[in-house]
Amino acid sequence: MYLDREAYKPYERKVAKKSSQFYKMALEEKLEFHQKYEKDTNQLELFQQTPELKEYIVHFEERNSRFYHRLDRIIQNETNLIEFSKGYKQYGFSQETDGTLYREWAPESTSVSLLIDGEKIEGSKVGPNLEVVIPKVDGEFRDLRNSRITTIIDNHEKISCWARRTTEHPHQYQIQDNAYEFNFQPPKILQTQFYELNFDKYIDALKTIDEKIQEGFNTFIVNILEHNEQNKVSHYFAPSYRHGNLTELEQLVDFIHSRNSQIVLNFPLQLEQGSQLIQYDGSQYHYFTAGMHEPHLAFDKWELNRYLLSSISYWVDIFKFDGIRFPNLKDIILLNPKHPGDIKELLLDNSRIEALVFIMFANDVVHQIKQDAITIGSGLPDTYPGKGSIKYGGLGFDYVL
């Protein structure tokens, strides 16, 4: 089912008997909800700690109202937030009864095909999605590992938004198994010391990591998402092929854990002109707000929320990252980043509420998947209360740098 912005199907789940298993589950869910969230804005602990902010309570009421409205929609249509953030199981490639299904959300497009090692397989439009079925061979799923794949949408060559392995060719990607078995559990660190790790190849980073651990660092922030020539992120599921393959990335994560240290993924939320995600389905919309001079992700869109939250879930759950850093947040949450203004202007006139709501969900996903995970907000205006849980009244960040 296709949902976008405020449209959703009615929710009719009811409790019939107090003795039923569902009734007991509903009570547990309600208790868990109240442990994590506070719907009554007046009761936020933030206002007890910083009572001067209550003068601007209208900002927090609007922000929280939109957060809980979207959370209700997610529960109604997707069961819970974690299920919603597993879009990588629905989109991209998945194994179905008739063969391997490729699916892409592209509501404004009309046609799709896949070019797999030179063989063209036609697909079709199914609602807002594009779908291609790759038939089984002798009753077995076709082995697509290491095949060179190109998505063709309306006669334009693309890389899937859900591609997990890019290549040196600008319009080719690959499928690679995540068969690596992690050997080390992430440590519990009480006093975090951050170091931003830069490297050409994953293997080159190992010596630097050991050196920095000797200097007292224990949490390494890495920039590994696929990027363009201007070093701007272009895909959210694919680590850059320039650094090495997926197994080498998994080994890097395992190596850092073996040294009783943590690894944090840098996760920018702004894209530049030239990213293949822009105008992906041929329209100015798709994951973006149309008509803007610079491309801005449309944080009020249902499918953008699914896409980005699924990427965050993928890195934390599948690749065992210990946390996420969101850099340059001023450019995301402010209508006018160059002039944030005083606290009154910031909260009442210069905030992109939908961006703030998305950040709350992003932090929530990370902490639901991995309770001890850390999230870092970088570049927030100094006066914005970003640190602290959603229940407290913050955006959910553990650290604001």
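The values are calculated or read from the model by the stated rules, or taken from the named source; none is laboratory data. Values in this document were obtained by computation on a predicted structure and should not be read as measured data. Don't worry about glycine lacking a Cβ; one is built from the backbone with ideal geometry, like all the others, and counts go over all protein chains shown. These area figures cover heavy atoms from the full protein model, side chains too; ligands, DNA and RNA do not enter into them. Shrake-Rupley method; radii C 1.70, N 1.55, O 1.52, S 1.80 Å.
Any residue at all in segment 64-86 that's open to solvent by less than 40 Å² (accessible area, probe 1.4 Å), under 23 Å from Phe141 (Cβ atoms), out of contact with any Asp or Glu (no Cβ under 6 Å at 6 or more places or on another chain) and at pLDDT 95 or above?
no
Please go through segment 362-373 and give me each residue that is surrounded by fewer than 21 Cβ atoms within 10 Å (Cβ to Cβ) and in contact (Cβ under 8 Å) with a residue 12 or more places away in the chain, ordered by number. Walk me through how you get there before you give the answer.
From segment 362-373, those surrounded by fewer than 21 Cβ atoms within 10 Å (Cβ to Cβ) are 367-373; that's our starting set.
Answer for segment 362-373, where residues must be surrounded by fewer than 21 Cβ atoms within 10 Å (Cβ to Cβ) and in contact (Cβ under 8 Å) with a residue 12 or more places away in the chain: His367, Gln368, Ile369, Lys370, Asp372, Ala373.
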Unmet criterion (only one of (1) under 15 Å from Ala106 (Cβ atoms); (2) not in a strand (DSSP E or B)) for Leu130: (2)
Residues within segment 193-207 that are under 20 Å from Gly323 (Cα atoms) and more than 23 Å from the chain's Cα centre (by Cα), tallied: 4
Of all residues making up segment 112-125, the number that are open to solvent by 50 Å² or more (accessible area, probe 1.4 Å) and in contact with a Lys or Arg (Cβ under 7 Å, 6 or more places away or on another chain): 1
Of residues in segment 241-297 being of a type in the set (D, E, K, R), open to solvent by 10 Å² or more (accessible area, probe 1.4 Å) and touching a Lys or Arg at 6+ places or on another chain (Cβ under 9 Å), the one modelled with the highest pLDDT: Glu248
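Give the number of residues within segment 191-211 that are in a helix (DSSP H, G or I) and surrounded by 14 or more Cβ atoms within 10 Å (Cβ to Cβ).
Quick first cut of segment 191-211, residues in a helix (DSSP H, G or I) only: 202-211.
Among the residues that remain, those that are also surrounded by 14 or more Cβ atoms within 10 Å (Cβ to Cβ) are: 202-203, 205-206, 208-209.
Total meeting the criteria: 6.
Can you confirm whether segment 99-107 contains a residue that is under 18 Å from the mean Cα position of the chain (by Cα) and surrounded by 14 or more Cβ atoms within 10 Å (Cβ to Cβ)?
Yes, segment 99-107 has at least one match.
When you check Lys391 against the structure, is it in contact with a helix residue (DSSP H, G or I) (Cβ under 8 Å, 6 or more places away or on another chain), closer than 28 Å to Trp162 by Cβ, in a loop (DSSP other than H, G, I, E, B) and open to solvent by 30 Å² or more (accessible area, probe 1.4 Å), yes or no?
Numbers: in contact with a helix residue (DSSP H, G or I) (Cβ under 8 Å, 6 or more places away or on another chain): yes; closer than 28 Å to Trp162 by Cβ: no; in a loop (DSSP other than H, G, I, E, B): yes; open to solvent by 30 Å² or more (accessible area, probe 1.4 Å): yes.
Answer is no for this residue.
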